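To start, the structure under review is shown below, and the notes come after it.
The values are calculated or read from the model by the stated rules, or taken from the named source; none is laboratory data. Worth saying up front: this structure is predicted, and the values here are computed from it rather than measured. Virtual Cβ from ideal backbone geometry, glycine too; neighbours counted across all protein chains shown. Side chains included, ligands, DNA and RNA excluded: accessible areas come from the protein's heavy atoms. Shrake-Rupley method; radii C 1.70, N 1.55, O 1.52, S 1.80 Å.
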Amino acid sequence: MLKIEQVVLVEGKYDKIRLSAVLDAMILETDGFGIFKDKEKQKFLKRLAKERGILILTDSDAAGFRIRAFLGGMLPKDRVWHAYIPDVLGKEKRKDHPSAEGKLGVEGMSEEILRSAIARAGLPARQTGQPAEPVTAADLYRLGLSGTENSAAKRRAILRYFDLPERLSAAAFRRVAADFIGKDRLIQAAGDLFSLPESSE
């Protein structure tokens with residue numbers, strides 16, 4: 001079982017139950033969109049962020065990204081980390097029908113996927129070895145991942161390559177590239193997927 005110091009935020013009680021099987025940590029629920037109006041919980045989360053740091057782990061659908069964006073804007077950025085689950089089509093066992101987007105949420109993920117998502121979040125307590133070389137805006141442009149024709153499609157291909165959700169915005173992609181992927185692995189993936197100019201190698 002993974003043990004982390006940071007507080008983990010998930011959307012609902014079934015996510016919390018699922019994550020508790022793989023993670024020894026304080027796990028709190030946003031109650032879905034309830035966090036938007038719950039001023040007391042917002043205040044509490046801000047305090048926890050300062051004291052312990054917060055890891056956000058929401059579903060990979062539109063609702064999950066809306067909650068993630070709200071929390072990311074509300075909490076101090078240097079005390080927040082993000083874990084992402086991949087886009088996996090399916091239906092949770094307890095539900096009669098799949099979600100609107102047909103994707104499994106946190107509660108439907110395997111233990112292996114959840115462990116991997118947390119391990120890739122870049123939490124200070126889990127960092128080992130030398131930090132990866134930073135990914136710059138120039139790197140993304142040179143690799144055809146921003147500011148060029150089909151760059152959005154290429155970013156989606158990279159996200160699929162690393163088993164990350166395709167819904168990430170261009171700004172979120174830059175964070176993911178820097179925090180989860182790293183320059184060397186990003187160049188390797190782009191080389192595997194696309195024809196690159198020699199200068200990108």
18 Å Cα-Cα reach of K43 towards aspartates and glutamates, excluding residues that sit fewer than 8 places from it in its own chain: E11, E29, D31, E51, D78
Cα-centre dipole for the chain with unit charges at Cβ (Lys and Arg positive, Asp and Glu negative), debye to 20: 700
Amide H within-cut-off set for W81, under 5 Å, with H built and near neighbours excluded: I54, L55, I56
Selection from L186, A63, L28, by position along the positive dipole direction of the chain (Cβ): L28
Protection-proxy order for peptides 86-93, 20-27, 114-121, each taking the mean of Cβ atoms within 10 Å per residue, highest first: 114-121, 20-27, 86-93
Cα-Cα over 22 Å, subset of K13/K39; K13/K37; K46/K77; K39/K103; K77/K154: K39/K103; K77/K154
Percent antiparallel among DSSP beta bridges (both partners in the chain, rounded to 5): 10
Karplus 3J(HN,Hα) series, Hz, for the range 55-61 with 6.51 cos²θ - 1.76 cosθ + 1.60 (x for Gly, Pro): 10, 9, 9, 10, 5, 9, 8
Span per principal axis, largest first, for the Cα atoms of the range 1-87 (Å): 31, 29, 20
Heavy atoms of K95 accessible to a 1.4 Å probe, total area in Å² rounded to 10: 60
Inverse of mean 1/r across different Cα pairs in the range 79-125, Kirkwood, Å: 11.8
